[in-house]
1. Output needed for the range 77-153: three equivalent-ellipsoid semi-axes, defined as square roots of 5 times the C-alpha gyration tensor eigenvalues, in descending order, whole Å.
2. Report the residues of the range 313-354 in range of a label on residue 43: point 7 Å along Cα→C-beta, backbone N strictly under 15 Å from it.
3. May I have the convex hull volume per residue, in Å³, for the Cα set of the range 236-313?
4. If each of residue 325 and residue 363 carries a label point 7 Å out from its Cα toward its Cβ, how far apart are those two points in nm?
5. When the C-alpha atoms of the range 18-161 are aligned to their principal axes, what extent does each axis show, in angstrom, from largest down?
6. Ranking 277, 384 by Cβ neighbours within 10 Å, fewest first, what do you get?
7. Give the Kirkwood hydrodynamic radius (Å, one decimal) of the range 116-181, defined as one over the mean of 1/r across all pairs of different Cα atoms.
8. I need the P(r) histogram for the range 85-216: all alpha carbon pairs, bin width 5 Å from 0 out to the longest distance, whole percents.
Ligand SMILES: Nc1ncnc2c1ncn2[C@@H]1O[C@H](COP(=O)(O)OP(=O)(O)O)[C@@H](O)[C@H]1O
Ligand SMILES: [Mg+2]
């Protein structure tokens, strides 16, 4: 049972279907991308524990695979006790549902270097928190993703805006926000990390990415970083994933700054920036790795086969029944590919597709990035109904 049926879930479903499994895809709306390729579907509010219990009782899944954070993950502990495998584990899903648990675990319990941070549950507390953390700082709802409700405070005057924006962009009913000191990083990476039921922890070559409005725009692999930084990132990823327990792929996010490496956050599931692996950069994509890891199947090796890049195609308006022009243009050159997610509705900045570009190992990753961006710009998302 897949909880959350977006584009990442869709590729995961394809990967497990290829291994012969039966999948129920769940989301809050009908015809979500992963539901289009699954065996069955449910439409519920996944933050509603009773609704979650009801579909688990109805389908009796062997595995529960979360694809998003905003789920009533407290219920997962009971499911695990009932013998259902929660991916990667109830603890991991619960700790990462809300930025607070994972940040306190990383910074306080594990002693990892993170941006200096405070919490605030009201506008007054936000003023105080910004005062302690300093300006500039980043304000994020405790429960949100893809930059929703997230903004940077550059002056006192931004604080009130940041609070109201956080309240309009949050998922669920938690008003509290995290306030993080702004890290002046030169590089941002995702280290895809695979924990196995029977086997050592594996790492994919680092993926670089660029974010706007807290949402990823392009990603590329490999991202060249120093051996020392790579070793440190792997050690941190190993430490956090071991503490959270379970088997599956994780997207561990780091900021690389002149003063060193910062742990930022992690997803206990495939990562959006890891869609670059759909360009065939590795022998197994992040979705195939997740499928093998959660099913307890062997992963003898992860090898980099090609250099690649991905770039997002965003909608610019609200509407339904989207269609796409420019796809022929975007696929014209060797090494170009696209994934159109099949989302039934658009809204401004909603990610609708990614373009992929790849070439042999050792080729210029910046050129591949430019190619993916140029191809994404050729694709227009239009609506039959606004
Ligand atoms: N403390 C920070 N300093 C500088 N940039 C940040 C900071 N926190 C977040 N960002 C930027 O915003 C992006 C999204 O933030 P993140 O915490 O990863 O939220 P999400 O859960 O929405 O991915 C990051 O990838 C980074 O580019
Ligand atoms: Mg992130």
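1. Numbers: eigenvalues 175, 40, 23 Å².
Result for the range 77-153: semi-axes of 30, 14, 11 Å.
2. 320-321, 343-346, by backbone N distance to the label point.
3. Values: hull volume 9.6 nm³, N = 78.
With only Cα atoms used, the range 236-313 gives 122 Å³ per residue.
4. Inter-label distance under the simple model: 2.9 nm.
5. 54, 33, 30
6. Working: 277 31, 384 9.
Fewest to most other Cβ atoms nearby, the residues stand as 384, 277.
7. Working: mean 1/r = 0.0902 Å⁻¹.
For the range 116-181, inverting the mean 1/r across all distinct Cα pairs yields 11.1 Å.
8. 2, 10, 16, 20, 21, 15, 8, 5, 2, 1, 0
Any read-out appearing in this document is the output of simple, stated calculations on the displayed coordinates, not a laboratory observation. What you see is a predicted model, and the numbers here were worked out from it, not measured in a lab. Here the Cβ is made from the backbone with ideal geometry for all residues, glycine too, and neighbour counts use every protein chain on show.
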